Amino acid sequence: MIESNPESALHSKNVAGPAAALACGLVLLAILEVLLWRFSPILVGHLRSASLVYAVISLWVWTQYHKHAPGQPFGLANYITLGRAVLVSVFAGFIGFPQTVIDSSLLIVFIGIFALVLDGVDGWIARRTGTAGPFGARFDMELDAFFILILCLLVIEAGRMGWWVLWAGLLRYLFVVVGLLWARLRQPLEPRKRRQAVAVIQAAALLICLPPLLGKPAETAILIGAVSLLTLSFATDVMWSLNHDPERHTINE
């Protein structure tokens, strides 16, 4: 009789979880790229850019999954978030094709709205199934931040707004860089629905302003409001981190 090795079985399960999910995401990306190529043959370079972005996201998912969710199934909610990552990769592929962004702005907005809907669905499923965890929360947050950065670049590239709007896309990464120098900014933040709500508002504002529908004055006002709200949200988190001493909090507990 051949004895089974529990540790070997667990390792195989850990590898198969994210590997299967990332493979499914790659297939979905390939299908979307074929559809885009049929829509506009000049987007052959789009495939290279989108694939590179998806490869970077896949590497992040692979390393962070094994760090934050060892032994746990990948889960339906994370599959949906990964599907959103594929859509974000598609968005990133449009960078470098300004005329296509202008000509296909309504199609891009439709894809973006679908991505925002999925942003709400994955969290709802995670809560309903009891599979919410640190990996899923981090995956969702980082993808929101990256989506906003890509949207900022597309709005700028399409000539809809100036470079000042890129502040919204860089805020998350500025927070991370400052955290490398300031220990208190590296401590985990308390869960707040405010962050996700503000991120959705920012992404929606950028999507609204991508096609030339409202006119520059209205679009500028919308984006100034959204960027200000996002800045206030980050400032709130910074103030909380600076006023929260993790060592004193641990001692008090």
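Could you give each residue of region 23-31 its phi-based ³J(HN,Hα) in whole Hz, using Karplus coefficients 6.51, -1.76, 1.60 with θ = phi - 60°, and x for Gly or Pro?
5, 4, x, 5, 5, 4, 4, 4, 5
At 222 nm, what helix-only mean residue ellipticity would the chain give, in deg cm²/dmol to the nearest 500, using -39500 (n - 2.57) for each DSSP H run of four or more?
Taking each H run of at least 4 residues, the total per residue is -27000 deg cm²/dmol.
Residue-wise, which Karplus ³J(HN,Hα) couplings in Hz belong to region 177-183, taking 6.51 cos²θ - 1.76 cosθ + 1.60, θ = phi - 60°, and x for glycine or proline?
In residue order, the calculated couplings are 5, 5, x, 5, 9, 10, 4 Hz.
Scan region 164-203 for trypsin sites (Lys or Arg not before Pro) in coil per DSSP, keeping those whose Cβ has at most 13 other Cβ atoms within 10 Å, and list them by number.
R192
Using the Karplus equation 6.51 cos²θ - 1.76 cosθ + 1.60 (θ = phi - 60°), what ³J(HN,Hα) coupling, rounded to whole Hz, does each residue of region 196-201 give in order, writing x for Gly and Pro?
So the Karplus estimates, Gly and Pro as x, are 5, 4, 5, 4, 5, 4 Hz.
Quick one: Debye curve from the alpha-carbon atoms of the chain only, equal weights, vacuum; give me log10 I(q)/I(0) at q = 0.08, 0.09, 0.14 Å⁻¹ to two decimals.
Values, matching the q order: -0.36, -0.45, -1.02.
Each reported figure results from applying straightforward, stated rules to the coordinates on display, with no laboratory input. Not measured: the values here are computed from a predicted model. Every residue, glycine as well, gets a Cβ built from its backbone with ideal geometry; the counts of neighbours run over all protein chains shown.
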